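Trainee: What follows is a structure written as structure tokens; I'll ask about it next.
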Amino acid sequence: MRELTVQAGNFDTDGSGASRDGRTRLDPHESGSRGAEARLTSLAHGGGCGCKIAPDVLRDILRNTRHFPAPPELLVGIETSDDAAVYRLSDTQALVATTDFFMPVVDDPFDFGRIAATNAISDIYAMGGTPIMALALVGMPIDMLSPHTIGRILEGGESICAQAGIPVAGGHSIDSVEPIYGLVVMGLVHPDHIKRNRNARAGDVLILGKPLGVGVYSSAIKKDLLDSYGYRQMIDSTTRLNTPGKRFADMDGVHAMTDVTGFGLLGHLLELCRGSELGATVDIARVPLLPGVSALAENGAVTGASRRNWAAYGQDVALDAGITPVHQALLTDPQTSGGLLVACAPDAVDAVLGVFRAEGFGHAAVVGQMHEGPATVRVRADDRRPYGIALSEP
């Protein structure tokens, strides 16, 4: 992955109207219309959670970093790749803190802001928390985008924060080479109700809250393969707040939780397996997909991040003979603002699905089960047996 560099003063200021990379400049003081601007996605080398550094590279980067001794109040840190940090404030309250930002995954600035904000807030819900406040992180090529366009990105983010009932209380902005937007988000949770990715139990049923395929859709956008219906499906999924998470905090039958983002379903499930010291099985026939993504993937709308994900963790995944390259691509597809992945007791499945349905997640589905064994995942080609009965390894 090409390293993203962010430098002030990286642009030509001789009045020629061109930046050093030859792209046409805009006067930052003119509001203008988007008609004079390049597509947002054309200004970035990657988009959405597909921008994530590959998991194996990230492990190498962090391997030799020195960590300040954690105080006892730090209940959740970086040890198991959880979705957010958690710091105990009192016996009944803990602070949940996270940050997320990325480059454009769509060209509409308002939609880009909405998607980025939804994605950032999701980490709070994935820990069982309730968001309380956000700060904006803004990096924009100000010689390439008008103040109007940048303002629309921020407005999109603020609209999602309003839906979540939280203010954008500040932030930080820089002049960057590529458009970057995201949030720092803080929330609250009872210390006894934190949902981590390390507490799954053998026999737990796995439930996925949103269908897969956002990375395929984003690739299709760049290739002009996504129709208006597909775009609406993408926006509906990526701007749907993962609000069931805060309700799962109070459910004893929910043992572990994470959200599926840039490492794909298999990558984030492997994190859950490693943290819980268990294996997992996924039944491909049960995995919900966004409309048309299989055909799009067959036509080449697959992200480079999907291939990097498989290269990073494919050695820990066993694929049945009936699993196709398209299946593999979808299971490693980077999800921007993806769904919650819940590990719950078999007798809690109906209640968990009931919460998902009540919160508007009609595609939520049982996709597999945890089992004793090494931290690996098996993907089965065909298994429609009842959940919680015979999903574990034979």
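Quick note: the coordinates plus some simple rules give every number you see, no bench work behind them. Everything quoted here is computed from the prediction, not taken from an experiment. We place every Cβ from the backbone using ideal geometry, glycine too, and count neighbours over all the protein chains shown.
Trainee: Figure the gain on full extension for Ala321 and Ile174 (residue separation times 0.36 nm, minus the Cα-Cα span) and round it to one decimal in nm.
Mentor: Contour length minus the Cα-Cα distance gives 48.0 nm.
Trainee: Can you work out the Karplus-derived ³J(HN,Hα) for every residue in the stretch 353-369? Use 6.51 cos²θ - 1.76 cosθ + 1.60 with θ = phi - 60°, whole Hz, and x for glycine or proline.
Mentor: Going residue by residue, I get 4, x, 5, 4, 4, 5, 8, x, 9, x, 8, 4, 8, 5, 10, x, 7 Hz, with x marking Gly and Pro.
Trainee: How much length is gained if the chain between Arg232 and Glu277 is pulled fully straight, taking 0.36 nm per residue apart and subtracting their Cα-Cα distance, in nm to one decimal?
Mentor: 12.3 nm
Trainee: Something else now. Expected output is a single nm value to one decimal: the length gained when fully extending between Ala285 and Thr65, i.e. 0.36 nm times separation in residues minus the C-alpha distance. What is it?
Mentor: 75.1 nm
Trainee: Oh, and also: How many nm separate the modelled label positions at Ala311 and Glu155, each set 7 Å beyond the Cα in the direction of the Cβ?
Mentor: Rounded to a tenth, the inter-label distance reads 4.1 nm.
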